[in-house]
Structures are given as C-alpha cells and as structure tokens.
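Notes follow once the structure below has been shown.
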Amino acid sequence: MSYNVPPPSSRPVWPIVLACLVLVVGIAVAAVFVGINLGEDDDTASGSVSVSASGDGESDEPAAGPPSTVETVTETPKDEQPEKSAEPRETQRPPKAVDVPSEVDCGGDTAVLGTRTPTFAAAICRTGPGTYVYRGKSDGVADGIVLQAQRNAAGDWFATNKGYAYIIDADTGRLTIRNGASEVVDSENAIQFSTR
C-alpha cells in the first residue's frame, strides 16, 4: 500500500524566523512606547494644563516673567484625609469673612486669604480638609494660575509653578515671586489684604 505523502519542503526556514523576530521586537517597542505614554498621562493628571481665558485651549503667555499657566489640582481622596482631632482648639472664634479680589474669586471654596498689590491679585482657597490652592492673576495677562498651596516654616503661603515660587506673607499680604535660583523676580506690598 502506497501513501501519497508529499516530500519535505526545500524552502528555507530563516524568513519565518526573521518574521517572528521582527514581530517580537515590534511588540517590545510598542510596550515601551505605551509605558512612556502612560507615564506622561500620570504627569498630566498631577501636572499643569494650559488653559486660556477664552477657553479655546491656546495660551497667551508673556515673553518674559513668570509663566501664566493654569494647573489642575487633584484633591486627596476622602479615605486618605487626616482625621479631625476631637480636642477643642485654644480659640474657637467664628470665621470672619475674607475679601478676595474679584479676579481670583474662590468660587465655592472657602477663602482663607486675599491680597491685592499694585499689579497682582491672589487668594488662598481651602478646597477640602487640609487642602489649599493659590489663585493668582497678573494685571494685563489674560490667564491666571491655580496651584496647590502650602504653608512654609515661617507660616507664609507658597505655591510653585515651573520653577517659580509665589509667596504670600501671611501677616502683611506682600506677594513675592522667586525664580528657580531663589532670586526675587517681583515683590509688592499689599494695597488690600484680608485673612482669617
């Protein structure tokens, strides 16, 4: 009995092996590219997003001076918020109203500090338990900035954006802007100031 079995192919195997190697390399490159893009998405979620006052997504940044960028601020999830102390504070004064310049209104958030200098308007707004933002606007610039804010060791409020530090003296409302080398770019006394 005879079987009609075709003879083994005489074609070389190397093109198939080469195609498989190219496929594996392509998958590895794609995985690295996706990993890099996911890392950039994480930076975007916690970093800055440029927004113009007209809402068209284009930014009108000035040629010199601090950048006029609006940053998104992510709030700490409620399950990670620090617990409130049951101990009464030393002074239980009712909170007083804080006047903030209309250019930097805190909206639905609680105003903690408001200051107006000859060319800047700024406010510190409480967005949640232990979470604050700095809202600032420079005269003559369409965009303002919204940054996460903290208090430094001296008790003054500060926020940073692309190498610039915005510092508000908690006692006087004086606004100072420093560059990445800690050099003073601008510093102005408050002409209106309100704080809790």
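Every number in this text was worked out from the coordinates using simple rules, so none of it is lab data. Note that the structure is a prediction, hence the values are computed from the model and not measured. FYI the Cβ positions are ideal-geometry reconstructions off the backbone, even for glycines, and counts take in every protein chain you see.
Taking the Cα centre of the stretch 131-170 as reference, the dipole from Cβ charges on Lys and Arg (+1) and Asp and Glu (-1) amounts to some 120 debye. Rounded, prolate or oblate: pick one for the stretch 132-196, where a ≥ b ≥ c are the square roots of the eigenvalues of its C-alpha gyration tensor, a/c under 1.5 means rounded, and failing that, prolate if a/b is larger than b/c, else oblate. Rounded, since a/c falls under 1.5.
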